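The values are calculated or read from the model by the stated rules, or taken from the named source; none is laboratory data. Predicted model only: the values in this text are computed from it and were never measured. Cβ sites come from the backbone with ideal geometry, for glycine too, and all protein chains shown count toward neighbours. Just so you know, the surface numbers come from the protein's heavy atoms only, side chains and all, with ligands and any DNA or RNA stripped out. Shrake-Rupley method; radii C 1.70, N 1.55, O 1.52, S 1.80 Å.
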Amino acid sequence: MRMRIRNFARPLLIAGVIAGLIVGASPVAAQVTPPTPPTPPSPPASVATPPRPPRPPRAPRAWSGADGVARIDTTVPFSPNGTVELSLVAGSMKLSTWNQNKVRVVASTSGPPSLQFDASSSHLSLEQARNGSRGDRDGVGSATYNVTVPTGSRATLSAVSGSIDASGIRGRLEVSTVSGSVNVRDVGSGLSVEGVSGDITVANVVGELHVENVSGRVSATGVGGSASVETVSGAITLNRVAGSNIHATSVSGSLDFAGPAGASARYNFETHSGRTNLRIASNANTAIRVETFSGSISNDYPGAVKRRNSDDDDTSSVDYMIGQGQGRLRVETFSGSVHISQGNP
């Protein structure tokens, strides 16, 4: 009987022991600490912004001194193809070039006005200003500029009653004046000039030429590109213009042209009452048409074939052919005379 009970109790004992182990193990399992997540990496320390490089020193500004005269005499570094702006009310300016990456400025005024001068490595400006104020032009006296720039610079020059002289610049050049004279030579690019009553003289321009003037005379010699010249009463003289396109017009001023007229020529000359004188090269190859209302027409060019057309009672036109007549040259006038001759410029 004890053996039977013992055998019967053994499975119960084993089951109890197993149950006790399971129950006792659960608290231990509940106390297990989960693994700590990895600490996120700290953000990188901010990189300090490098300091800006120091600005190049500004060119000095000159104001009226104790004697009432403003003066500048300085040389500053400059780009080989920088931009130059010079402006004056009265006086004279001279712009020349050299083969250095520098600008030399020598300028002065007489009387109370001052000079406004600013320069960076690629831009320079110089102008007259009363008491340092731009735009206040009353009482501005006479100034003298002598500026030397790198050959490849571009320039804008302006004056009210001052004269302008520029030479040797290879960049684009723009010039304007009211009553002062303009003298420009040896320009390596295009040239534009505007005036009112001052005479304009241009020589040796590689690129195109554009000139507008009212009563001042215009003279252009040695133009490699096309040319456009307009005046009201000022005389126009064009000599050795090699460009294919030439346009010259004046109301009462005379027109004088000397140059080639090849197969590619497209020349147009217009005047109301001024005379027109054409000296065509001996090797010309162009057709010429002259239209006039009451002006006279004469021709001394040897070998020019003439054909006269009468459109109506008020207008007459005369055609000439030189060589094979491939180019086109046209003259239109109301009452001005027209003369054609041979002459090598």
Total charge of the residues flanking Thr156 in space, meaning their Cβ is under 10 Å from its Cβ, with Lys and Arg +1 and Asp and Glu -1, is 0
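How much accessible area per residue does segment 194-325 have, in Å², with a 1.4 Å probe? Present the calculation step by step, with values, prior to reporting the outcome.
On the way: 5580 Å² over 132 residues.
Value returned for segment 194-325: 42 Å² of accessible area per residue.
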The local net charge around Asp300, scoring Lys/Arg +1 and Asp/Glu -1 for residues other than Asp300 whose Cβ lies under 12 Å from its Cβ, equals +2
So, over other residues within a Cβ distance under 10 Å of Thr75, counting Lys, Arg +1 and Asp, Glu -1, the net charge is +1
Here the alpha-carbon Rg of segment 194-322 over 2.2 N^0.38 Å rounds to 1.06
Here, segment 149-202 modelled as identical Cα point scatterers in vacuum has Debye log10 I(q)/I(0) at q = 0.13, 0.30 Å⁻¹ of -0.26, -1.17
Share of accessible surface on carbon and sulfur in segment 197-345, whole %, 1.4 Å probe and ligands ignored, is 45
Which residues qualify? For His123, with a placed amide H closer than 5 Å and at least 5 residues away or on another chain, they are Thr83
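For Asp73 and Asn283, what does the FRET efficiency come to when R0 = 41 Å and r is the distance between their Cβ atoms, rounded to the nearest 0.05? Each step should come with its number before you reach the end.
On the way: r = 53 Å, r/R0 = 1.28.
The calculated FRET efficiency here is 0.20.
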For 217-228, 72-83, 295-306, ranked highest to lowest by mean beta-carbon neighbours within 10 Å, the order is 217-228, 72-83, 295-306
